[in-house]
Amino acid sequence: MAPVAGALAVHGLAKRYGSVQALRGIDLEVGEGELVGLLGPNGAGKSTLVKIAVGLVRPSAGGAEVAGARAGSRPARAALGYLAELFRFPGWYTADEVLELHQRLAGSRGGAAERARLLDLVALSDAANRRVDGMSKGMAQRLGLAQALVGEPRLLLLDEPTSALDPVGRRTVRLLLEDLRGRGVSVLLNSHLLSEVELVCDRVAILLAGEIVAAGAPSELSRPRGVELETDDGVRTIAGATREDVPRIVADAVAGGRRVYGVRVLTSTLEDVYLEAVGGETD
């Protein structure tokens, strides 16, 4: 089923800081239960977009709505959860106390049951009474995800949520995001880990100099790069060939007396698409 629009709607969004044009009239939508990856080099405008959605920055033109409410308004803030890239919890607080604090800040009435459920979601059930200053970076990152989920928000804005995680931790977060999508929670994910974005996101938007230069599903953005054929004569690539050419390629090889061991359709990766879109810009 196609996602229903409404979690986040950005229209004609522009922001100027003095002589710097951070956003140049962009349009972006995150539907209900949709995971959208936000990509781009430093200075592309990603953080400004997220800060406007959260309500920390006012746009110069255009606007943003969260769950149908103006970004920054009380209803909009109540509908979203946010994890900043650089966050800090009081070191003397336990994991349970951090979540209890954010329950009070968010007006959540979930109580101990909600805190226990969220800690279980991020694989921290055994660390409920551990102090923050005794946690690894990965544990603190997962606790940050748990606080973003306090109050059952409709939209999550996540800034580099897997940056401090090892492969097991990243898999835990990926499975969590997929589970949240199944529950109808929407996510705008800002990440430099292109492989993670490609695995989990329904769509991606690539920003450069305040403009969206590419957008769509990862599969839509990729392009064919030929067909790789492995035979008893070795491996060769047929440039320009597509999936539709595979039966003919295999038949020709067999007719020519070759034994075929494998065939693979080659497509560009999200990394290829990203590098082409940003023109070699670095972070």
Selection within the range 44-59 - without any contact (Cβ under 8 Å) to a residue 60 or more places away in the chain, of a type outside the set (D, E, K, R) and assigned to a loop (DSSP other than H, G, I, E, B): Gly55, Leu56, Val57, Pro59
Residue identified as in contact with a helix residue (DSSP H, G or I) (Cβ under 6 Å, 6 or more places away or on another chain), surrounded by fewer than 21 Cβ atoms within 10 Å (Cβ to Cβ) and within 30 Å of Arg24 (Cα to Cα) among Leu194, Leu157: Leu194
Positions within the range 190-237 being without any contact (Cβ under 8 Å) to a residue 40 or more places away in the chain and closer than 30 Å to Arg258 by Cβ, in sequence order: Val227, Glu228, Leu229, Glu230, Thr231, Asp232, Asp233, Gly234, Val235, Arg236, Thr237
Any hit, the range 133-151, residues being in a loop (DSSP other than H, G, I, E, B), surrounded by 21 or more Cβ atoms within 10 Å (Cβ to Cβ) and assigned by TED's automatic domain parsing to the domain that holds Gly81: yes
Of all residues making up the range 145-161, the number that are free of Cβ contacts under 8 Å to residues at least 60 places away in the same chain and not acidic (Asp, Glu): 1
Single condition Val98 does not satisfy, out of (1) at pLDDT below 95; (2) among the β-branched types (Val, Ile, Thr); (3) under 28 Å from Ser73 (Cα atoms): (1)
Residue match in the range 113-126 (condition: of a type in the set (Gly, Ala, Ser), more than 22 Å from Arg174 (Cα to Cα), touching a residue at least 12 places away in the same chain (Cβ under 8 Å) and not in a helix (DSSP H, G or I)): no
Residues (polar (S, T, N, Q) and either out of contact with any Phe, Trp or Tyr (no Cβ under 9 Å at 6 or more places or on another chain) or within 25 Å of Gly31 (Cβ to Cβ) (or both)) located in the range 211-255: Ser219, Ser222, Thr237, Thr242
Close pairs from the range 162-173: first under 18 Å from Glu85 (Cβ atoms), partner of a type in the set (D, E, K, R) and at pLDDT 80 or above, Cβ under 6 Å, at least 6 apart: Thr162/Arg170; Ala164/Lys137
Residue check for Arg181: out of contact with any helix residue (DSSP H, G or I) (no Cβ under 8 Å at 6 or more places or on another chain) and either aromatic (Phe, Trp, Tyr) or assigned to a strand (DSSP E or B) (or both): no
Listing of helices (runs of 4 or more DSSP H) fully contained in the range 185-283 that carry 3 or more residues being touching a strand residue (DSSP E or B) at 6+ places or on another chain (Cβ under 7 Å) and more than 26 Å from Arg171 (Cβ to Cβ): 246-255
Flag if Thr162 is in a loop (DSSP other than H, G, I, E, B), touching a helix residue (DSSP H, G or I) at 6+ places or on another chain (Cβ under 8 Å) and of a type in the set (Val, Ile, Thr): yes
Set Gly62, Gly91: member being surrounded by fewer than 22 Cβ atoms within 10 Å (Cβ to Cβ), among the small types (Gly, Ala, Ser) and assigned to a strand (DSSP E or B): Gly62
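The values are calculated or read from the model by the stated rules, or taken from the named source; none is laboratory data. On a predicted model such as this, the values are computed, not experimentally measured, just so you know. Positions of Cβ are backbone-derived with ideal geometry, glycine not excepted, and every protein chain shown enters the neighbour counts.
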